[in-house]
Structures are given as structure tokens and as C-alpha cells.
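Have a look at the structure below before the remarks.
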């Protein structure tokens with residue numbers, strides 16, 4: 001049974017004496033089928049190119065993967081990974097929803113609301129804070145890669161002052177296009193002052209001889225502009241805009257996305273070069289086998 005199957009495959013694909021050195025795969029009827037397949041693939045590709053950019057349905061950006069990939073980049077630089085912070089997640093989501101509601105993509109809103117407003121509104125008291133933004137990306141890896149290739153975004157990703165991270169991914173309509181926005185917030189929380197213990201006055205004793213003890217003086221630390229309250233350092237960045245992509249529907253931290261396998265299939269259909277290349281490679285192999293048989 002197995003040998004018969006192998007022989008059938010050989011007769012169909014490989015030129016040999018049994019098929020008159022003309023494999024069935026290269027006969028007129030089969031080639032006509034190839035042509036139909038190629039036309040179908042190209043048609044799907046063209047139709048997908050017309051419809052998918054308008055719906056953005058196949059974007060696969062998730063907050064968890066953005067955090068993981070960002071931390072991977074920090075570890076590569078010998079830095080500690082950042083801890084996901086629920087308050088920063090909430091602040092990032094509020095910022096993302098505000099951008100969609102007010103139709104803008106920028107660090108400051110048209111109403112003049114700066115990024116640090118969302119930290120304070122969510123109750124995150126910080127010493128250091130930063131923000132990265134992205135829009136119109138297909139994959140989480142593409143988002144982090146784009147930030148990595150931008151010096152100012154990269155400074156945020158590997159800033160050793162940050163301890164916490166929060167990410168939100170939101171889908172909405174901006175300037176007439178359905179799109180996906182990503183908000184990444186960094187922070188280092190303010191240290192809480194320890195409770196002071198009541199001091200106990202010692203009993204009077206013999207008066208000690210005068211002495212001088214050194215007093216340490218610490219000069220104030222300069223903070224790069226722009227800065228926020230206290231010694232908070234902010235790394236301002238420029239927005240990243242990519243080609244239009246598919247949409248991701250999210251509700252708070254829950255992201256509904258198309259599985260990676262489906263996304264990969266759609267990428268192949270959208271760009272059929274791989275399939276057409278495989279057909280061409282097969283034809284070349286068959287002709288070569290026929291020539292040397």
C-alpha cells in the first residue's frame with residue numbers, strides 16, 4: 001500500500017519511463033488548474049488589500065506581549081525587568097480611550113491635557129514617569145521593534161530609573177479610519193516616608209569636650225527638561241505612525257485578537273509571493289529532472 005502510494009506520487013510529479021517522462025503535474029489539464037489557483041490567490045490578495053485596511057480586523061497587538069517584549073529588551077541590556085502595575089494599566093487605558101474619543105494621537109491632548117494627568121488621575125504617585133505611543137501596527141513585535149529603532153523611545157524602554165510598567169491597547173476611529181493605538185507608561189513610585197519614632201532625651205551627663213563632625217552636603221540633582229514635580233524625570237518622545245493595519249477590540253485588560261495562525265495565513269494571502277515562488281521552484285525541479293532523466 002505504501003509503495004503504491006509512493007509510486008503514484010512519483011508518477012504524478014517526477015518524470016520517468018512510466019509516465020513517458022511527462023509527469024501528470026505538467027500536463028495540460030493540470031497546468032490549467034495551476035493557472036486557476038494562481039488567479040484565485042491573486043484575486044483574494046487584491047480584494048483583501050481593498051477591504052482589510054478599512055476594517056483593521058486582523059491586528060494582533062496585545063498588552064501582555066508588549067510588556068514581555070519590552071522586558072526582554074531590558075534584560076538584554078543587563079537591566080531588571082519592569083513589574084506590571086495595575087494602576088498604570090488603568091492610566092494607559094484611560095489615555096488610549098481619550099485619544100480615540102477626542103480623535104488625536106499625541107502626548108498632549110487638543111485640550112492641553114499632558115500625559116502626567118493620567119498618572120495622577122489613576123492615583124499613581126511617581127518620582128519618575130515616561131510614556132511611549134504607537135498606532136496602526138499589526139503585531140506586538142512590530143510595535144516594540146519600532147520603539148527600539150527610535151532613540152527617544154529606546155531611552156524610555158531602557159531607563160534604569162523606572163520600576164513599573166503599564167500598557168493598554170485600544171481600537172477606535174481616528175480621522176475617519178479604524179485603527180489600533182498602544183499606550184505604554186513607565187513609572188517609579190514615590191517612596192513613603194517612614195513613621196517617626198518619638199525621641200527620648202538622655203539624662204544630663206558630664207559636658208563633653210567640643211568636637212567637630214563632618215556634615216555631608218548633597219548638591220541637588222539636575223533633571224533634564226521637560227520635568228515634572230520633584231525629581232521626576234520624563235523622557236518625551238515622538239509619535240510612531242506606521243502603515244494602516246487591522247483593528248483589535250479590547251475591554252480594559254482583555255484583548256480579543258485573531259489567533260497568530262490565522263494572522264499568518266492572511267499575511268500569506270495578502271502577499272502570495274511565497275506560494276507563487278513555491279510553484280516556480282517546483283516547475284524548475286520537474287524540468288531539471290526531466291532533462292537529466
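Any read-out appearing in this document is the output of simple, stated calculations on the displayed coordinates, not a laboratory observation. It should be emphasised that the depicted structure is a prediction, and the values quoted were computed from it without experimental measurement. Every residue, glycine among them, receives a Cβ derived from its backbone with ideal geometry; neighbour counts consider all protein chains shown.
Given their separation in residues at 0.36 nm each and the Cα-Cα distance between them, residue 21 and residue 68 gain 11.4 nm when the chain is fully extended.
Quick check: Cα centre of the range 1-18 to Cα centre of the range 130-162, how many Å? The two parts, judged by their Cα centres, are 54 Å apart.
Using the Cβ-Cβ distance between residue 190 and residue 30 with R0 = 41 Å, the FRET efficiency computed as 1/(1 + (r/R0)^6) comes to roughly 0.05.
I'd like the FRET efficiency for residue 39 and residue 120, computed as 1/(1 + (r/R0)^6) with the beta carbon distance as r and R0 of 45 Å, rounded to 0.05. Plugging the Cβ-Cβ distance into 1/(1 + (r/R0)^6) gives 0.15. Distance between the modelled labels on residue 11 and residue 75, one decimal in nanometres: 5.5 nm (7 Å Cα→Cβ projection). Available extension along the chain between residue 163 and residue 175 is 0.8 nm, counting 0.36 nm per residue and deducting the alpha carbon span. How far apart, in nm, are the 7 Å Cα→Cβ label points at residue 104 and residue 3? Simple spin-label model gives 7.8 nm for this pair.
Treat each spin label as a single point 7 Å out from the Cα along the C-beta direction, and report the residue 111 to residue 278 distance in nm. A separation of 5.2 nm, rounded to one decimal place.
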